[in-house]
1. Which one of B:Ala141, B:Ala111, B:Ala125 is modelled with pLDDT of 85 or more, over 30 Å from A:Val149 (Cα atoms) and aliphatic (A, V, I, L, M)?
2. Look through A:Arg99, A:Arg77, A:Arg66 and report the one residue that is more than 10 Å from chain B (Cβ to nearest Cβ), under 29 Å from B:Met78 (Cβ atoms) and of a type in the set (D, E, K, R).
3. Would you say A:Lys87 is surrounded by fewer than 12 Cβ atoms within 10 Å (Cβ to Cβ) and of a type in the set (Lys, Arg)?
4. Of the residues in segment A:29-42, how many are more than 8 Å from chain B (Cβ to nearest Cβ) and farther than 22 Å from B:Ile25 by Cβ?
5. What's the number of the condition B:Ala141 fails, among (1) within 25 Å of A:Thr72 (Cβ to Cβ); (2) among the small types (Gly, Ala, Ser); (3) surrounded by fewer than 17 Cβ atoms within 10 Å (Cβ to Cβ)?
6. Which one of these does A:Tyr261 not meet: (1) farther than 24 Å from A:Gly124 by Cα; (2) assigned by TED's automatic domain parsing to the domain that holds A:Ile167; (3) part of a loop (DSSP other than H, G, I, E, B)?
7. Against the condition part of a helix (DSSP H, G or I), in contact with a helix residue (DSSP H, G or I) (Cβ under 6 Å, 6 or more places away or on another chain) and of a type in the set (Lys, Arg), how does B:Arg176 come out, does it pass?
8. Inside segment B:113-134, can you point out the residues that are surrounded by fewer than 19 Cβ atoms within 10 Å (Cβ to Cβ) and either outside any loop (DSSP other than H, G, I, E, B) or within 17 Å of the chain's Cα centre (by Cα) (or both)?
Amino acid sequence: MKNPFSKKHKGPKKPLTVEQKISRRNFISFGTFIVAGSVAYGGWKWLYNSPEEARTVTAGARAPLRRALNKTELAFRRVFSNNNLVKTYPKEMAAKNVRHNSDIGSEGKINVNAWKLQVKKHTGEVLQISLDDIKALPKTDIVYDFKCVEGWDQISHWGGVKFSDFISHFKLDAETQLQYVGLATPDKEYYVGIDMPSAMHPQTLLAYEVNEKPLPPNHGAPLRLIIPVKYGIKNLKRIGSMSFSDNRPPDYWAEQGYDYYSGL
Amino acid sequence: MKVIKEKHPLAMRWTHWVNFPILTIMIWSGMLIYWANDEYKITLFGYTFFSFFPDWFYNALRIPHRLSEGMAFHFLFMWFFTLNGILYILYTIISGEWHELVPQKKSFKEAWLVLLHDLHIRKMAPPQNKYNAAQRIAYTAIIMMGIGSVITGLAIYKPVQFYYLTWLCGGYHFARILHFALTIGYVLFFVIHVVQVILAGWNNFRSVISGFEVVNEEPKPIIETTPPSDEKPIQ
């Protein structure tokens, strides 16, 4: 069948000369290179100048990058296992001067005797738990390499109650069916949200000791979170309240452009 | 007579040029992260020769106070960097191109001669195929460094979940040092690479975009001379 649109060739097609082949291939390859390069540059410009995410429980990041952080969290959580433990060290290796980075929500001193941990159950009931109630539970020590999102790490020694022990002792098992734990300082200046598997990780502590002594104010007296599977930003000092939710609780650093999960 | 000589396959050219901007973004976002705890220096006998990095450098590149931004970029582009690297390595293995790339036994000795030649100390360079001995070592090393960056990167990114990688890298603290050192290695590679490409000239550079080189070949004589026979004459 003849194609009416095809051009009529006069005789057999002439083979291209070497020069023609060279310029044809140069044209195609450099053309592709320039077009692909421009598209890539445009894509970068778009990403770099993309608007900041709408302020929800997270804020401060470029919208597409926040989507990527959340998607990356989901991808990794699919393969993560709570059986993977943080490496521990002999207590002689623990730093004597434990590094202190920030006092947001835990400035000044606190009256430890008047302090109560408020645990808000999803039924609306609020438990008021004193430090003595917590200290009455079996104590767990951990010496591990504390990791800051800034990039430094330090082996430090903490003592307290396993989060999972705390949950079962105060009969909060029903709350652990929810997906997140929210913690906040008494003044609500600093707050974190933790996914339930990380909170229930066997090495997560509600700590009241550092180097076998009661926590000093700058390390979060009287009770702080030590969660070795997270960066330091999630290790809330001076816990005032605890709540449970299926939605992500507010998180101080996730509102400043950091990854919500921040897991290690 | 000009002849087209095929040099770089399409897959190699694509992965090479895709890698270039991705690695640039990874290094830049890595510096945004590193700034937050910029503790590395070169110190010998108590004297600090260089601190990574001086303030003028940070300020010129607008690096300070952008940690969260750096992490967000780094943890997106890491996927592309890794994927592109996997594609390149798979292609190199499956196509058999690795024969041209991986150093041979003689490469380590020859690389020295190549260096002397490139520095104009020695006149002759050893014979080579696609890549000379020094290139084989350098290009294989850069791929190993890429693998190293992914491994050390994962070791500091998820040290609990990938604890075996962290162990392999000598612990969290040392893995971060390695990750940083590899990046410095890329920059040194880049400088030498660019200088060499400029010295090698246009024909060589074009081959990484268009895939071929143009070489001059002696025209073959029309009348074939009878080649000397290898066979023993029949007695």
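1. Working: B:Ala111 fails: modelled with pLDDT of 85 or more; B:Ala125 fails: modelled with pLDDT of 85 or more.
That would be B:Ala141, the only listed residue that is modelled with pLDDT of 85 or more, over 30 Å from A:Val149 (Cα atoms) and aliphatic (A, V, I, L, M).
2. Numbers: A:Arg77 fails: more than 10 Å from chain B (Cβ to nearest Cβ); A:Arg66 fails: more than 10 Å from chain B (Cβ to nearest Cβ).
Residue meeting the stated conditions: A:Arg99.
3. Values: surrounded by fewer than 12 Cβ atoms within 10 Å (Cβ to Cβ): no; of a type in the set (Lys, Arg): yes.
Against the criterion (surrounded by fewer than 12 Cβ atoms within 10 Å (Cβ to Cβ) and of a type in the set (Lys, Arg)), A:Lys87 does not qualify.
4. 1
5. (1)
6. So A:Tyr261 meets the others, but not (2).
7. Numbers: part of a helix (DSSP H, G or I): yes; in contact with a helix residue (DSSP H, G or I) (Cβ under 6 Å, 6 or more places away or on another chain): yes; of a type in the set (Lys, Arg): yes.
Yes: the conditions hold for B:Arg176.
8. To start, the set of residues in segment B:113-134 that are surrounded by fewer than 19 Cβ atoms within 10 Å (Cβ to Cβ) comprises B:113, B:115-131.
Of everything in segment B:113-134, those that are surrounded by fewer than 19 Cβ atoms within 10 Å (Cβ to Cβ) and either outside any loop (DSSP other than H, G, I, E, B) or within 17 Å of the chain's Cα centre (by Cα) (or both) turn out to be B:Leu113, B:Leu115, B:Leu116, B:His117, B:Asp118, B:Lys130, B:Tyr131.
The values are calculated or read from the model by the stated rules, or taken from the named source; none is laboratory data. The structure presented is a predicted model; accordingly, all values stated were derived computationally and were not measured. Neighbour counts are summed over all protein chains in view; Cβ atoms, including those assigned to glycine, are modelled from backbone coordinates with ideal geometry.
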